[in-house]
Amino acid sequence: MESQTLQDTKPLALAQEPRNPGMDLDLDWVAGVQANTSAIERRCATLPARRSVKKDYQAAWLLKAVTCIDLTTLSGDDTEERVRRLCAKARQPVRGDILQALDMPPLTTGAVCVYHEMVAAAVQALKGTDIPVAAVSTGFPAGLSPFHLRVAEIEESVKAGAKEIDIVISRRHVLAGNWQALYDEMQAFRAACGEAHVKAILATGELGSLRNVARASLICMMAGADFIKTSTGKESVNATLPVSLVMIRAIRDYYDRTGFRVGYKPAGGISKAKDALVYLSLIKEELGDRWLQPDLFRFGASSLLNDIERQLEHHTSGAYSASYRHAMA
Ligand SMILES: O=C[C@H](O)COP(=O)(O)O
């Protein structure tokens, strides 16, 4: 962890990653997938204690985390005004004086994530930046509206300017072991996205077992997902470390077998800077530095930025400010 310095946080000129084109459904591969729950839990239990980073290293990792946040608002009472404030925060997620104290140039969050009805306002508010708008879609969060409407919803959001689409899978296909149906659904969603990148939300808290999480991860990648994402944030259990380890290892296996890198997005309930550090260290250890860039890693989070900014302020000033001073994140 201590290899991350403030300099490393500055944006890299990356060769554009080729999109995962998907592959034929390989049911033998799916059937062979295992998940040893007790070994996974043992590995995860050691992570938070072993991976503490301090001082400048910690500031560097926290700034890295900021660049990987899909800054999210997904509430029934969202308004255009709230979304505009969120976009202003995405443009300047960390106060200028804090960046100056750290000798860091301006940075932005990875994306802004909203419901379809808020896409146009977000696109407008982010004009002139490279910050993509991500739309949750396909009957989010349950994914139980008619199939043709779920596909049409994707198309509408792309038309409105969303560059990323976060779809929800049909959990029942996983619970019933109907892998062909899951593959076909994911392929159709990817096709409807066109050039927009597609994140497959597995809703892992509803899939019944870690083995199912591993299988669903694999199927979605085979069907062309650009990212796999844990949760909608609306399930009773959202992102966890064991689920993350399973999904990350599925991503690694898929890369080893196909040569295509699929991104990872833990989402839901990640609101503390120290938790973000644990996730980053997990990615670094299991997938390596290449995955620690916003094109391959995102946090789906509505309040994480607030805590990160407070920690950075503490790092530069020695004092914590009241959280209301960072209220919009
Ligand atoms: O995709 C993002 C999640 O809905 C955000 O969840 P959160 O509000 O618990 O951070």
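Across the range 110-141, which residue is surrounded by the fewest Cβ atoms within 10 Å (Cβ to Cβ) among those that are of a type in the set (Gly, Ala, Ser) and within 14 Å of the ligand (Cβ to nearest atom)? Steps first, answer last, please.
Residues of the range 110-141 of a type in the set (Gly, Ala, Ser): 110-111, 120-122, 125, 128, 134-135, 137, 139.
With the extra rule that they be within 14 Å of the ligand (Cβ to nearest atom), the set shrinks to 110-111, 134-135, 137.
On the way: 110: 26, 111: 28, 134: 29, 135: 29, 137: 32.
So, considering only residues that are of a type in the set (Gly, Ala, Ser) and within 14 Å of the ligand (Cβ to nearest atom), the one surrounded by the fewest Cβ atoms within 10 Å (Cβ to Cβ) is 110.
Collect the residues in the range 142-153 that are part of a loop (DSSP other than H, G, I, E, B) and crowded, with 18+ Cβ neighbours inside 10 Å, keeping them in residue-number order. Spell out how you get there, then give the answer.
Just the residues of the range 142-153 that are part of a loop (DSSP other than H, G, I, E, B), to begin with: 142-146.
Answer for the range 142-153, where residues must be part of a loop (DSSP other than H, G, I, E, B) and crowded, with 18+ Cβ neighbours inside 10 Å: just 143.
Are any residues in the range 154-182 of a type in the set (S, T, N, Q) and crowded, with 24+ Cβ neighbours inside 10 Å, and if so, which ones? Give the derivation first.
Initially, the range 154-182 is screened for residues of a type in the set (S, T, N, Q), giving 157, 170, 178, 180.
Of everything in the range 154-182, just one residue is of a type in the set (S, T, N, Q) and crowded, with 24+ Cβ neighbours inside 10 Å, namely 157.
Restricting to the range 187-215, count the residues that are at positive phi and among the aliphatic types (A, V, I, L, M).
Applying the first criterion (at positive phi) to the range 187-215 yields 194, 203, 208.
Filter once more, keeping what is among the aliphatic types (A, V, I, L, M): 203.
Summing the residues that are at positive phi and among the aliphatic types (A, V, I, L, M) in the range 187-215 gives 1.
One residue is enough: does the range 47-55 have a residue meeting the conditions closer than 19 Å to residue 266 by Cα, within 16 Å of the ligand (Cβ to nearest atom), surrounded by 15 or more Cβ atoms within 10 Å (Cβ to Cβ) and not aliphatic (A, V, I, L, M)? First the steps, then the outcome.
As a first pass, look at the range 47-55 and keep what is closer than 19 Å to residue 266 by Cα: 47-48, 51.
Going one step further and asking which of them are within 16 Å of the ligand (Cβ to nearest atom), we end up with none.
No - not one qualifying residue is present in the range 47-55.
When the residues of the range 221-235 are narrowed to those that are away from the ligand (no atom under 12 Å from the Cβ) and within 25 Å of residue 73 (Cα to Cα), which ends up farthest from the chain's Cα centre (by Cα)? Explain how you work it out, then say what you get.
The first filter runs over the range 221-235 and keeps only residues away from the ligand (no atom under 12 Å from the Cβ), leaving 221-226, 228.
With the extra rule that they be within 25 Å of residue 73 (Cα to Cα), the set shrinks to 225-226, 228.
Details: 225: 13, 226: 11, 228: 8 Å.
Ranking the candidates gives 225 first.
Only the coordinates and a few stated rules stand behind these numbers; no lab work does. Source: prediction; values computed, not measured. Glycine gets a Cβ as well: all are built from the backbone with ideal geometry, and neighbour counts include every protein chain shown.
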